[in-house]
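These notes concern the structure reproduced below.
The values are calculated or read from the model by the stated rules, or taken from the named source; none is laboratory data. Bear in mind the structure is a predicted one, so any value in this text is a computation, not a measurement. FYI the Cβ positions are ideal-geometry reconstructions off the backbone, even for glycines, and counts take in every protein chain you see.
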């Protein structure tokens with residue numbers, strides 16, 4: 001096992017996320033006085049980093065798709081696929097953790113919130129990406145067409161998650177009135193929570209990168225076995 | 001520019017000579033709306049609007065799907081060497097935008113005749129219909145190119161395209177809602193500009209990515 005420093009860092013950060021995330025005192029104003037969040041607010045350290053992770057992973061996938069089009073190296077294609085795959089898994093987890101949280105706080109698991117819609121669209125796009133890949137037997141063509149779709153979809157998806165929250169009201173923080181905000185509601189994140197939140201984001205991102213690299217090594221070994 | 005015009009002219013001539021495709025789509029439009037009329041009668045304006053744009057979506061998939069599938073591998077190579085990939089995709093985008101605007105206006109007329117006329121501001125709605133037909137056709141033209149490359153038909157186009165078309169459809173619904181009442185919606189211009197910006201983005205992506213798609 002190749003235990004590099006960032007893998008150890010990932011383990012430490014996630015241990016810290018679980019321990020501190022479940023133990024630190026929550027800001028009384030936002031968690032109890034002004035809302036019905038209560039202890040469910042701790043889901044913030046698990047739900048939100050899933051989305052950060054997903055966005056980072058699909059961005060890595062995009063970069064490798066662009067690299068593939070510039071220089072058709074089969075390795076780039078495998079990297080782009082595997083990062084998109086882990087990104088999709090993160091998206092599913094983000095949707096699930098969000099649905100559980102929404103069930104307790106908003107009264108229903110699904111309420112057509114613009115960010116929920118955006119999340120579902122991301123899943124549909126990337127599942128379509130895998131369907132497209134599997135529809136072509138020829139390896140060269142598959143890599144190239146899939147890379148083109150990956151780039152096209154990414155550059156439509158990002159404006160979409162900027163536009164959608166501004167069209168309708170959102171239950172997410174920062175979504176009141178017509179001032180829908182595509183990012184976080186900045187005011188609800190206080191200093192104590194930030195000390196757990198950012199390490200959590202880094203921890204989850206490193207963990208998923210680790211998972212992707214493992215998948216990558218398996219894929220490369222499989223292909224060596226087939227070509228030998 | 002000359003190449004683009006020549007390619008559009010070629011597509012037009014093909015449509016005129018093989019009329020069955022053109023009339024095929026027209027018949028598709030007419031029969032879909034007729035079935036819709038039998039199923040729904042004359043719905044209220046919100047439903048009318050929703051149905052109208054959904055029907056546009058399906059018409060677009062079917063009208064645009066054939067644009068790359070009809071070209072054989074050898075003919076593609078010929079166009080590629082004669083005109084270049086960028087001219088080719090621009091010609092297809094323009095031609096399909098024109099075709100889709102025509103189909104949208106035909107389906108608007110049929111909607112008026114069969115499904116009732118809840119429009120308070122028809123001129124504005126016609127403008128939105130042209131813009132909408134154009135926006136839908138741009139996205140689906142590029143997806144048709146991808147689907148044709150994968151040797152798949154309209155089904156794959158729908159899978160690839162429906163998630164990506166959602167921002168356009170939502171913007172179109174929102175702006176066309178203003179044509180049903182005499183109210184002035186704040187920020188209408190902003191929504192229209194947003195849609196135009198999305199169109200420009202799609203054209204830019206198509207022009208940049210298409211040469212990679214067809215390189216062999």
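Among the residues of region A:136-163, the ones that are more than 16 Å from residue B:215 (Cβ to Cβ) and more than 7 Å from chain B (Cβ to nearest Cβ) come to 7 in all.
For residue A:64, the test of being closer than 21 Å to residue A:206 by Cα, crowded, with 20+ Cβ neighbours inside 10 Å and within 14 Å of chain B (Cβ to nearest Cβ) is failed.
Taking residue A:96 as the residue in question, decide whether it is surrounded by 20 or more Cβ atoms within 10 Å (Cβ to Cβ), part of a helix (DSSP H, G or I) and under 19 Å from the mean Cα position of the chain (by Cα). Criteria not met by residue A:96. Among the numbered conditions (1) touching a residue at least 60 places away in the same chain (Cβ under 8 Å); (2) part of a helix (DSSP H, G or I); (3) under 27 Å from residue B:139 (Cα atoms), the only one that residue A:128 does not meet is (1). Screening the candidates A:101, A:110 for the property of being more than 13 Å from chain B (Cβ to nearest Cβ), in a helix (DSSP H, G or I) and farther than 30 Å from residue A:71 by Cα yields one hit, A:101.
Selection of first residues in region B:104-126 that are in contact (Cβ under 8 Å) with a residue 60 or more places away in the chain and of second residues that are surrounded by 14 or more Cβ atoms within 10 Å (Cβ to Cβ) and not in a helix (DSSP H, G or I), restricted to Cβ pairs under 8 Å at least 6 apart or on distinct chains, gives the following pairs, ordered by first then second residue: B:115/B:43; B:116/B:43.
Within region B:16-42, count every residue that is part of a helix (DSSP H, G or I) and in contact (Cβ under 8 Å) with a residue 24 or more places away in the chain. Residues that pass the stated criteria total 12.
On the basis of being within 12 Å of chain A (Cβ to nearest Cβ) and at pLDDT below 90, does residue B:206 make the cut? Considered against the rule, which asks whether it is within 12 Å of chain A (Cβ to nearest Cβ) and at pLDDT below 90, residue B:206 comes out as no. In the set B:189, B:194, only one residue is free of Cβ contacts under 8 Å to residues at least 40 places away in the same chain and more than 11 Å from chain A (Cβ to nearest Cβ); that residue is B:189.
Just one of the listed residues (B:176, B:137) is in contact with a helix residue (DSSP H, G or I) (Cβ under 7 Å, 6 or more places away or on another chain) and within 14 Å of another protein chain (Cβ to nearest Cβ), namely B:176. May I ask you to verify whether residue A:225 is farther than 20 Å from residue B:140 by Cα, at pLDDT below 90 and within 12 Å of chain B (Cβ to nearest Cβ)? Here the answer is no, as residue A:225 does not meet what is asked.
Of all residues in region B:152-162, those that are within 8 Å of chain A (Cβ to nearest Cβ) and either outside any helix (DSSP H, G or I) or buried (at least 22 other Cβ atoms within 10 Å of the Cβ) (or both) total 2.
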